[in-house]
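**Student:** Provided herewith is a single structure, encoded as structure tokens, for subsequent inquiry.
Each value in this text was obtained by applying a stated rule to the coordinates, not by laboratory testing. Just so we're clear, the structure is a prediction, and the values are computed from it rather than from any experiment. No Cβ is skipped: glycine too gets one built from the backbone with ideal geometry, and neighbour counts run over all protein chains shown.
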Amino acid sequence: MTEQSGAELALIANVGGNLAYVASDDDFQALQDAVPANTADAYDRQWRRFTTWCSERGLDPTAATGQMLLSYVRHLIAVPYAPASIEQALGVILSKHPMKPDTGDARRVLSAYRRDRAESGQRQKQSAPLEVTRLTALLGQCDATTAKGLRDRVILLLGFSAMARRSELAKLDVSDVRFVDEGLEILIRASKTDQAGKGTEVAIPYGSRSAVCPVRAVRAWVVYLADQGITEGPLLRGVNRHGQVGATKMTGQGINHVIKTLAEKAGVDHADEITAHSLRAGGATAAAKKGATASQIAAQGRWSVKSPTVHSYIRSANKWEDNAMTGVL
């Protein structure tokens, strides 16, 4: 087998969880295209992290032993990284080794770490849901007389009402937006639960107030882009400090930065916990509070109908309305 980069081998290993032989460049490209970009980026980061660790110790990352993996897992636990991240790291390292090193000791230590975290009540840090009150506070930081303000309003209101992932927002084109009598329809060309890329149309109704209406916000931005001669290509674009709209699309990281910056400026509670995912979680939680069913929320947010995430949002929304102790004392 010819030498591949860490990303290539990680991608190859992703097929059925086993190392797969790729016969040609075309085969590899097809395999690469089948893996979401954010997953490939995560594989690359894991490999770079391991090679740096090895370099600091004079070790060969392509000749890992069981003892090396045990030491590396202990290192990751001490940082500390989440168990799922450590599991992914082991998978990426194994993908670089046709002759797999023994992972028994490393996985036993990882299992004990996972058990200890569960027993101590540690949970993976989650983004705080951005519900309507705090969403409105962030919108208050967007100057609708500027290009950046108009764009940032779209990020907030479309992310919330479409329960969108930041990667979905980043991939939207102007042509994916269609205004109808009832509001707005956007085409999500591919999502985490639509890896085949069949696409999903998401309906966005008008808001009750213009200040928080996603349809009006998107229309204002599209009109602004058209005035700048932009009628196709990325919907969400970079805006420089002079207020000039760029030609390239925003990245998911850029969208996340916008939201975190607005949260800090607004001074909302738990601002440090607000991320791009807060829009998705906030939209789902707010919908649950208004009585939306699990299937309705799953459809709007493109979750699997079996996803436990949807029910967690409903439980969060109902924990006060359906509280057993209400009126007892």
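**Student:** Label points 7 Å out from Cα along the Cβ direction at Gln253 and Leu187: separation in nm?
**Tutor:** 3.0
**Student:** Ranked highest first by the average count of other Cβ atoms within 10 Å around their residues, in what order do 82-93, 309-320 fall? Before the final figure, lay out each step's value.
**Tutor:** Details: 82-93: 19.3, 309-320: 16.1.
Ranking the peptides 82-93, 309-320 by packing returns 82-93, 309-320.
**Student:** What is the distance in Å between the Cα centroid of the stretch 141-157 and that of the stretch 246-281?
**Tutor:** 12
**Student:** Given 0.36 nm per residue, what is the gain on full extension from Thr145 to Thr231 after removing their alpha carbon distance, in nm?
**Tutor:** Values: separation 86, 0.36 × 86 = 30.96 nm, distance 2.00 nm.
Gain on stretching Thr145 to Thr231: 29.0 nm.
**Student:** Same structure again: How much net charge surrounds Ala112 when only the other residues with a Cβ under 13 Å from the Cβ of Ala112 are counted, with Lys and Arg +1 and Asp and Glu -1? Write out the running numbers ahead of the final one.
**Tutor:** Numbers: positive: Arg74, Arg107, Arg108, Arg114, Arg115, Arg117; negative: Asp105, Asp116, Glu119.
So the environment of Ala112 carries a net charge of +3.
**Student:** With θ taken as phi - 60° and the coefficients 6.51, -1.76 and 1.60, list the Karplus ³J(HN,Hα) couplings across the stretch 266-280 in order, rounded to whole Hz; mark glycine and proline as x.
**Tutor:** 6, x, 6, 4, 6, 4, 5, 9, 8, 9, 4, 5, 4, 5, 5
**Student:** Quick query: amide H of Ala128 versus all other amide H atoms, modeled in the peptide plane; which residues come in under 5 Å with a sequence gap of 5 or more or a different chain?
**Tutor:** Ile274, Thr275
**Student:** Further question on the same structure: Can you give me the long-range amide H partners of Val239? Hydrogens built in the peptide plane at 1.01 Å from N, cutoff under 5 Å, separation of 5 or more residues or another chain.
**Tutor:** Gly246
**Student:** Checking the table Lys171/Lys289; Lys249/Lys289; Lys148/Lys171; Lys100/Lys306 against a 23 Å threshold on Cα-Cα, which pairs fail?
**Tutor:** On the way: Lys171/Lys289 29 Å; Lys249/Lys289 34 Å; Lys148/Lys171 18 Å; Lys100/Lys306 35 Å.
The pairs that break the limit, which is 23 Å between Cα atoms, are Lys171/Lys289; Lys249/Lys289; Lys100/Lys306.
**Student:** For the stretch 137-144, just list the computed ³J(HN,Hα) in residue order, Karplus coefficients 6.51, -1.76 and 1.60, θ = phi - 60°, integers in Hz, with x standing in for Gly and Pro.
**Tutor:** Values, residue by residue: 5, 5, 4, x, 8, 9, 7, 6 Hz.
**Student:** List every residue whose amide H lies under 5 Å from the amide H of Asp173, counting only residues 5 or more places away in sequence or on a different chain, with H placed 1.01 Å from N in the peptide plane.
**Tutor:** Leu235
**Student:** Determine ³J(HN,Hα), in whole Hz, for all residues of the stretch 251-259 in sequence, where each value follows from phi through the Karplus function 6.51 cos²θ - 1.76 cosθ + 1.60 and θ = phi - 60°; x replaces Gly and Pro.
**Tutor:** Taking θ as phi minus 60°, the curve returns 9, x, 5, x, 5, 4, 4, 4, 5 Hz for the stretch 251-259.
**Student:** Sticking with this structure for a sec: Indicate the gyration tensor shape class of the stretch 79-148 (rounded, prolate or oblate), computed on the Cα atoms with a ≥ b ≥ c the square roots of the eigenvalues: a/c under 1.5 is rounded; otherwise a/b larger than b/c is prolate and the rest oblate. Walk me through the numbers on the way to the answer.
**Tutor:** On the way: a/c = 6.52, a/b = 2.17, b/c = 3.01.
Oblate, since a/c reaches 1.5 and b/c is not below a/b.
**Student:** State log₁₀ I(q)/I(0) for the stretch 206-329 at q = 0.11, 0.21, 0.22 Å⁻¹ as given by the Debye formula over alpha-carbon point scatterers of equal weight, solvent excluded.
**Tutor:** -0.56, -1.32, -1.34
**Student:** Ok, one more. Take the alpha carbon gyration tensor of the stretch 48-201, find the square roots of its eigenvalues, order them as a ≥ b ≥ c, and report rounded if a/c is under 1.5; if not, report prolate when a/b exceeds b/c, else oblate.
**Tutor:** Details: a/c = 2.77, a/b = 2.18, b/c = 1.27.
Because a/c hits 1.5 or more and a/b exceeds b/c, the stretch 48-201 counts as prolate.
**Student:** Taking +1 at the Cβ of each Lys and Arg and -1 at the Cβ of each Asp and Glu, which of Ile204, Gly246, Thr231 sits farthest along the dipole of the stretch 141-290 towards its positive end, judged by Cα position relative to the Cα centre?
**Tutor:** Checked the options; the winner is Gly246.
**Student:** Using only the Cα atoms of the stretch 262-329, build the gyration tensor, take square roots of its eigenvalues as a ≥ b ≥ c, and label the shape rounded, prolate or oblate: rounded if a/c is under 1.5, else prolate if a/b is larger than b/c, else oblate.
**Tutor:** Values: a/c = 2.57, a/b = 1.11, b/c = 2.30.
Oblate, because a/c is 1.5 or more while a/b does not exceed b/c.
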